[in-house]
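Undergrad: After the structure tokens below, expect a handful of questions from me.
The values are calculated or read from the model by the stated rules, or taken from the named source; none is laboratory data. What you see is a predicted model, and the numbers here were worked out from it, not measured in a lab. Here Cβ is always computed from backbone atoms with ideal geometry, including for glycine, and neighbour counts include all displayed protein chains. Heavy atoms of the whole protein, side chains included, go into the accessibility calculation; ligands, DNA and RNA do not. Shrake-Rupley method; radii C 1.70, N 1.55, O 1.52, S 1.80 Å.
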Amino acid sequence: MDIKQYDFDLPEELIAQTPLEDRTASRLMVLNKEKESIDHKHFYDIIDYLDAGDCLVLNDTRVLPARLYGVKEDTGAKVEVLLLHQSEKDEWEVLAKPAKKVKEGTRIVFGDGKLAAVCTGLKEHGGRVVKFEYEGIFLEVLESLGEMPLPPYIKEQLPDRERYQTVYAKEEGSAAAPTAGLHFTEELLEKIRHKGVEIAYITLHVGLGTFRPVSVEDVEEHDMHAEFYQMSEETAQQLNDVRARGSRIISVGTTSTRTLETIVRDHGTFVKAEGWTDIFIYPPYQLKAIDGLITNFHLPKSTLIMLVSALAGRDFILKAYREAVDERYRFFSFGDAMLIL
């Protein structure tokens with residue numbers, strides 16, 4: 001399958017650089033995949049499309065201030081490090097930039113020696129394994145030195161770090177936010193609960209795959225980077241109950257979708273599970289775990305636009321994206337949202 005089938009023209013000025021003051025004020029494009037109809041709403045209208053008994057599945061991962069700026073101890077050369085995931089206590093897989101300056105044994109110092117990292121292994125695509133050295137509690141040191149790892153297409157500074165976190169973010173470990181969830185406020189979630197809609201939580205720590213474009217012409221040759229996920233016994237039971245009564249499971253974001261699809265693929269139903277998933281969802285894959293999806297507008301030729309195409313059909317999705325461009329929707333992490341039912 002040719003990657004060009006998932007390309008579209010996106011004017012650069014439609015890439016949202018800053019979040020809206022009111023999270024729920026984003027626009028919402030509503031797609032009915034059976035009728036192939038498109039409606040234009042605002043995110044606070046989403047409650048009108050949810051029924052009592054439905055279940056929203058939210059990814060409660062929390063973004064680490066994972067971008068660090070340091071210097072090589074021996075030469076003083078500047079090095080940027082992006083934390084991806086923790087492999088063992090104090091040992092992390094990271095992206096180093098420029099990677100060629102970081103070899104095994106290289107020691108990088110951050111914040112006048114408050115934190116140091118020694119490279120212990122090399123990975124592909126600029127990846128490195130480092131062991132951190134510090135005094136005190138690592139997350140507290142990281143909070144004082146690290147920056148939010150905003151995607152490369154966002155050029156503006158983000159004064160409020162919490163604006164790149166969902167309001168329900170809890171489990172520390174992501175290198176990027178599950179951005180579909182950024183549109184929710186506590187007030188909107190309470191209104192949704194009051195309508196009789198259930199809320200369920202899973203965790204997937206967003207990692208390297210978010211930063212890797214599809215670089216092969218044949219989609220089927222693309223390798224997804226594995227990301228860590230968890231589902232509790234309570235959530236598994238909750239989702240099985242929703243299924244049993246014939247209500248809808250609506251995932252919030254592609255990260256939630258990939259977690260749910262991985263578990264159903266591997267176990268045939270929802271079960272308590274944790275592990276690493278490199279599931280790659282693209283047409284003609286039939287999604288088995290969800291009935292609907294809330295998501296943002298994605299990059300051309302990305303694995304994410306392929307996932308939504310598997311749910312609603314490539315032609316319909318590309319038609320919707322062309323309409324989004326014509327209607328001047330805001331794209332990517334701080335942009336507008338889409339609901340597919």
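Undergrad: Restricting segment 186-235 to residues that are in contact with a Gly (Cβ under 9 Å, 6 or more places away or on another chain) and acidic (Asp, Glu), which is surrounded by the most Cβ atoms within 10 Å (Cβ to Cβ)?
TA: Glu227
Undergrad: If you don't mind, there's one more thing I want to ask. Identify the residue in segment 290-307 that is assigned to a helix (DSSP H, G or I) and within 14 Å of the chain's Cα centre (by Cα) and, among all such residues, is farthest from Arg248 (Cα to Cα).
TA: Thr303
Undergrad: Going by what's in this entry, would Lys301 be described as open to solvent by 10 Å² or more (accessible area, probe 1.4 Å) and under 18 Å from Asp7 (Cβ atoms)?
TA: Spelling it out, Lys301 is indeed open to solvent by 10 Å² or more (accessible area, probe 1.4 Å) and under 18 Å from Asp7 (Cβ atoms).
Undergrad: Continuing with the same structure: For Tyr229, are the conditions met, namely being free of Cβ contacts under 8 Å to residues at least 60 places away in the same chain, among the hydroxyl-bearing types (Ser, Thr, Tyr) and either over 20 Å from Arg23 (Cβ atoms) or touching a strand residue (DSSP E or B) at 6+ places or on another chain (Cβ under 9 Å) (or both)?
TA: Judged against the criteria, Tyr229 is a match.
Undergrad: Which residue out of Glu140, Glu133, Glu88, Glu93 is over 30 Å from Met224 (Cβ atoms) and under 24 Å from the mean Cα position of the chain (by Cα)?
TA: Within the list Glu140, Glu133, Glu88, Glu93, the selection yields Glu140.
Undergrad: Select, from Thr203, Thr210, the only residue that is under 16 Å from the mean Cα position of the chain (by Cα) and either over 22 Å from Phe332 (Cα atoms) or at pLDDT 90 or above (or both).
TA: Thr203
Undergrad: Right, another one. Taking the criterion of being part of a loop (DSSP other than H, G, I, E, B), open to solvent by 10 Å² or more (accessible area, probe 1.4 Å) and modelled with pLDDT of 95 or more, would at least one residue in segment 320-327 satisfy it?
TA: yes
Undergrad: Let me ask another. Please work out which residue is nearest to Tyr329 (Cα to Cα), limiting yourself to segment 262-281 and to residues that are open to solvent by 40 Å² or more (accessible area, probe 1.4 Å) and modelled with pLDDT under 95.
TA: Once the filter is applied, the top-ranked residue is Asp278.
Undergrad: I've got another one for you. Scanning segment 119-130 for residues that are over 14 Å from Leu68 (Cβ atoms) and free of Cβ contacts under 8 Å to residues at least 60 places away in the same chain, which turns out most open to solvent (accessible area, probe 1.4 Å)?
TA: So, considering only residues that are over 14 Å from Leu68 (Cβ atoms) and free of Cβ contacts under 8 Å to residues at least 60 places away in the same chain, the one most open to solvent (accessible area, probe 1.4 Å) is Glu124.
Undergrad: One residue is enough: does segment 236-251 have a residue meeting the conditions touching a strand residue (DSSP E or B) at 6+ places or on another chain (Cβ under 7 Å), open to solvent by 40 Å² or more (accessible area, probe 1.4 Å) and over 13 Å from Cys55 (Cβ atoms)?
TA: No, every residue in segment 236-251 fails to be touching a strand residue (DSSP E or B) at 6+ places or on another chain (Cβ under 7 Å), open to solvent by 40 Å² or more (accessible area, probe 1.4 Å) and over 13 Å from Cys55 (Cβ atoms).
Undergrad: Looking only at strands (runs of 3 or more DSSP E) that fall completely inside segment 23-95, which ones have 1 or more residues that are surrounded by fewer than 20 Cβ atoms within 10 Å (Cβ to Cβ)?
TA: 27-32, 37-42, 61-63, 67-72, 78-88
Undergrad: So how many residues does segment 103-118 have that are surrounded by fewer than 15 Cβ atoms within 10 Å (Cβ to Cβ) and among the aliphatic types (A, V, I, L, M)?
TA: Qualifying residue count, segment 103-118: 0.
Undergrad: Please work out which residue is farthest from Val102 (Cα to Cα), limiting yourself to segment 131-161 and to residues that are among the β-branched types (Val, Ile, Thr) and surrounded by 17 or more Cβ atoms within 10 Å (Cβ to Cβ).
TA: Ile154
Undergrad: Inside segment 55-79, can you point out the residues that are touching a residue at least 60 places away in the same chain (Cβ under 8 Å) and farther than 30 Å from Tyr201 by Cα?
TA: The one that is touching a residue at least 60 places away in the same chain (Cβ under 8 Å) and farther than 30 Å from Tyr201 by Cα: Tyr69.
Undergrad: Is one or more of the residues making up segment 162-185 open to solvent by 30 Å² or more (accessible area, probe 1.4 Å) and at positive phi?
TA: No - not one qualifying residue is present in segment 162-185.
Undergrad: For segment 283-290, check the following and say yes or no: at least one residue is over 22 Å from Ser232 (Cβ atoms) and among the polar types (S, T, N, Q).
TA: Checking segment 283-290: at least one residue is over 22 Å from Ser232 (Cβ atoms) and among the polar types (S, T, N, Q).
Undergrad: I'm told Asp160 meets every condition in (1) within 15 Å of Leu68 (Cβ to Cβ); (2) acidic (Asp, Glu); (3) modelled with pLDDT under 95 except one. Can you identify the failing condition by its number?
TA: Of everything listed in (1) within 15 Å of Leu68 (Cβ to Cβ); (2) acidic (Asp, Glu); (3) modelled with pLDDT under 95, Asp160 misses just condition (1).
Undergrad: Which pairs do you get when a residue that is touching a residue at least 24 places away in the same chain (Cβ under 8 Å) and small (Gly, Ala, Ser), found in segment 22-50, comes within reach of a residue that is outside any helix (DSSP H, G or I) and buried (at least 17 other Cβ atoms within 10 Å of the Cβ), reach meaning Cβ atoms under 7 angstrom, with the pair 6+ apart or on two chains?
TA: The qualifying pairs are Ser26/Leu20; Ser26/Asp336; Ser26/Ala337.
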